[in-house]
Structure formats: C-alpha cells, structure tokens
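Here is the structure we will look at, set down as structure tokens.
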Amino acid sequence: GPNRTITARISTNSIDRYNTCFDVRGCDLKAYQGNKVVLWEHGKDLVNRGSLPIGKNVWIPVDRGSVPKLIAKTQFKKDNFSQQLFEAYRDNEMSGWSISALPSDFGKPTDQEIRSRPELADVEMVFRKFELCEYSAVAVPGNAECLTEDELRSLASVISRGIPVP
C-alpha cells in the first residue's frame, strides 16, 4: 500500500478459537480514537518490540451490516522492525491481526441470540458491548493466553483475540 499502509479486517462476529463471540456491532471506539496505536503482539514481545507501537490507525469504521466486521487501515512506522512487518503483510507472508478489548456487557448466549444464530448455542460467552483498547499485528492469530472463567467474570479483564485476515 502507499505510505506503508495495510487495510485489514481485524474482528468479526464469528465464533473464535476460545469458543466465544465478539459482537462487533457493540464495539465502542471512543477511547481508542484518542490513542490510535497499533502494536506488535499486544506489546508482549519484550525481546523485539515491547510496548512501542509499530504504527498508527488511519481509520477504523465498524461495519454493522449483514456480516458485521471491524475494518482498520494501519500506517506502519519507518523503523526497521516496523518496515519489515509492513513488507511481510504487503507480500502476504503474514496476515494475522488481533484485538484487545474491555468488555462491559457479556454472558452466555440468550435464547433470542440462539434463535437468530443457532451456531451460538454451545458458545461459552458472547461479548455484546466492549471498548477497543488496541489492535495488533500478530504472527499467529488468537495466540493469546486462554482466560479462566474467573477472569472472564471480571469486567476489568482485558481480552485479546486474534482474527485471521484473508
């Protein structure tokens, strides 16, 4: 992309590998709009990058259409590490993205949710409303630590999820 930019689908309403579902229609971007950082591996790769951003978000609309999704355009920084990542995405050597979110409304799927989407019947948790904290380029989408049920019950938990991008 021009100016080291990549546009990607960073979250969808599909059931993830943790058997949970983020309803992206309930994504709150207000806080994120004030600090539009993009990280590498959620800032957990202390050897290569730490919490220093690899880029910034250019735009991030919530598509609340028939197939809800979160689309983001990222401009990568000019340092060597960020430039290498940009080239890997540009050349389709990498395609994974992941969000970090603070959920405010979540629980087992309701009867109404299951009626409209029968595949939710066996889902552990539906995240109906959440605040986007950051999103990250990741080597393996969804490679975050599984959360215990106790952590899921805590509203203060930040949940990181990976969504593969085609």
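The residue list Ser104, Ser116, Ser100 contains one member that is modelled with pLDDT of 50 or more, surrounded by 15 or more Cβ atoms within 10 Å (Cβ to Cβ) and of a type in the set (Ser, Thr, Tyr), which is Ser100.
At least 1 residues being open to solvent by 20 Å² or more (accessible area, probe 1.4 Å) and closer than 24 Å to Leu85 by Cα is the threshold, and among the strands (runs of 3 or more DSSP E) wholly inside the stretch 4-53 those reaching it are 5-12, 37-40. Tallying residues that are in a loop (DSSP other than H, G, I, E, B) and free of Cβ contacts under 8 Å to residues at least 12 places away in the same chain within the stretch 73-109 yields 4.
Answer yes if at least one residue in the stretch 57-76 is loosely packed, with under 14 Cβ neighbours inside 10 Å and at pLDDT 95 or above, and no otherwise. Can you show your working first?
So the first thing to find is which residues in the stretch 57-76 are loosely packed, with under 14 Cβ neighbours inside 10 Å, and the list is 59, 61, 64-67.
Okay, now just the ones that are also at pLDDT 95 or above, so none.
Within the stretch 57-76, not a single residue is loosely packed, with under 14 Cβ neighbours inside 10 Å and at pLDDT 95 or above.
The values are calculated or read from the model by the stated rules, or taken from the named source; none is laboratory data. Quantities reported herein were computed from a predicted structural model and do not represent experimental measurements. Neighbour counts run over all protein chains shown; Cβ positions are idealised from the backbone, glycine included. Each accessible area value is taken on the protein alone, full model and side chains, heavy atoms only, with ligands, DNA and RNA left out. Shrake-Rupley method; radii C 1.70, N 1.55, O 1.52, S 1.80 Å.
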